[in-house]
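A.B. asks: Questions regarding the structure given below will be posed in turn.
The values are calculated or read from the model by the stated rules, or taken from the named source; none is laboratory data. No experiment lies behind these values; they were computed from the predicted model shown. Cβ placement follows ideal geometry from the backbone for every residue including glycine, while neighbour counts extend to all protein chains displayed. Surface areas here come from the heavy atoms of the whole protein model, side chains and all, with no ligands, DNA or RNA. Shrake-Rupley method; radii C 1.70, N 1.55, O 1.52, S 1.80 Å.
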Amino acid sequence: MNTMQQIFRFAPSPNGALHLGHAFAAWQNMDAAARAGGTLLLRLEDIDTTRCTNALEAQMLEDLHWIGMRWRDPVRRQSDHFDDYLKALDQLRQLDLVYPAFLTRGEIRDAVRKKEASQQTWPRDPDGTPLYPGVERNLSTGAQQDLINTGRAFAWRLNTGKAIAHVGGALSWQETGQGPQGQSGTIAADPAAWGDVVIARKDIPTSYHLSVVVDDGIQGVSDVIRGHDLFAATSIHRLLQVILGLQAPLYCHHLLIGDSTGRKLSKSDRDTSIRSLRNAGLTPDDVRALCERSEKL
């Protein structure tokens, strides 16, 4: 995607303390925007309004300022834009590409357990999660509405096979970084590997997959820089972008910062949080040096 000015974004979730991995990702975007003479945006992925709190957001913004991050206002808070995601969901519904799915996690686990007990393999997505059985996929609209009318909790899932058929052609993206196995250049997308992903929930009209592509489109993001853990998910994002008529950004995936054992950092790892490192007397330059050393491990 060629634009007059490149637009980058850093999009953390205010549901815990920022850690070294977040600082590393923020610097990756900051440095790229500076080199390109582009614009850096800050987006807060706070669709989980229970776990994402005002206090955690305030702490996150303070930590980002402390490491030297500056962005173009306004900050986009996803919780302020549910109407945007609802419009996209309605578009998918009108195309009959989503369906209400009612199985609980426990019911899915039971179905997987029964099949694997009979020495059969249950397909899993690139993250290792069992694919949704899709038992409601072929129900009539009336039968789906009858289930909705029961008041049971449900999620809107993408009928991925039907969505791929709707697009009708091969999908790919341009990778300027490297995937987990060194993939670069034109990457063939494989959305089928993800099965019928959650697009929205009964009480929240979106999910990560839907909101991220809608936001990137609305904000005119030209370059997405993010960790290896989201490399495979780009396949689903490309599928949704094409269906919704959204332009594809360039993608650049980078290494994840891990702990001393190589394990991916978590917001529960307080010893690697930016706040704890600040309290220990480290400077932003010290934290950046830690990130650079971890990147080389």
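A.B. asks: Put a dot 7 Å past each Cα toward the Cβ at residue 93 and residue 62; how far apart are the dots in nm?
C.D. replies: Each label point lies 7 Å from its Cα, and together they span 4.1 nm.
A.B. asks: Additional query: Quote to one decimal, in nm, the extra length available between residue 79 and residue 31 on full extension: 0.36 nm per residue of separation minus the C-alpha distance between them.
C.D. replies: 14.5 nm
A.B. asks: Compute for the chain: radius of gyration divided by Kirkwood radius, i.e. Rg/Rh, restricted to C-alpha atoms, rounded to two decimals.
C.D. replies: That ratio equals 0.98.
A.B. asks: Return one whole number: the accessible area per residue of the chain in Å², for a 1.4 Å probe.
C.D. replies: Ligands and nucleic acids excluded, the result is 49 Å² per residue.
A.B. asks: Is it possible to state the helix-based mean residue ellipticity at 222 nm for the chain, with each DSSP H run of 4+ residues giving -39500 (n - 2.57), the sum divided by total residues, to the nearest 500 deg cm²/dmol? What is it?
C.D. replies: -11500 deg cm²/dmol
A.B. asks: Then there is this: At 0.36 nm per residue, and after removing the present C-alpha to C-alpha distance, how many nm does the segment from residue 218 to residue 167 gain when stretched out fully?
C.D. replies: Stretched out fully, the residue 218 to residue 167 stretch lengthens by 16.2 nm.
A.B. asks: Would you mind computing, in nm to one decimal, how far apart the modelled labels at residue 124 and residue 138 are, each placed 7 Å from Cα along Cα→Cβ?
C.D. replies: It is 2.8 nm.
A.B. asks: Which value, in debye to the nearest 20, describes the size of the charge dipole of region 137-212 about its Cα centre when Lys and Arg Cβ atoms bear +1, Asp and Glu Cβ atoms bear -1, and nothing else is charged?
C.D. replies: For this selection, approximately 260 debye.
A.B. asks: Given a 1.4 angstrom probe, I'd like the percentage of the accessible area of the chain that is carbon and sulfur, rounded to a whole number.
C.D. replies: Carbon-and-sulfur percentage of accessible area, whole number: 49.
A.B. asks: How would you rank 51-58, 117-124, 239-246, 141-148, highest first, on the average number of other Cβ atoms within 10 Å across their residues?
C.D. replies: 239-246, 51-58, 141-148, 117-124
A.B. asks: In the neighborhood of residue 101, defined by Cβ-to-Cβ distances under 11 Å, what is the net charge if each Lys or Arg adds +1 and each Asp or Glu adds -1?
C.D. replies: +2
A.B. asks: For residue 145 paired with residue 110, estimate the spin-label separation in nm (one decimal), with each label point 7 Å from Cα along the Cα-to-Cβ line.
C.D. replies: According to this spin-label approximation, the distance is 2.9 nm.
A.B. asks: Note down the magnitude of the dipole of region 89-246 about its Cα centre, charges +1 on Lys and Arg C-beta and -1 on Asp and Glu C-beta and zero elsewhere, to the nearest 20 debye.
C.D. replies: 460
A.B. asks: Next question, about the same structure. Using only alpha carbon positions, build the gyration tensor of region 47-181, then give the equivalent ellipsoid semi-axes as the square roots of 5 times its eigenvalues, largest first, whole angstrom.
C.D. replies: Taking √(5λ) for each eigenvalue gives 34, 22, 20 Å, largest first.
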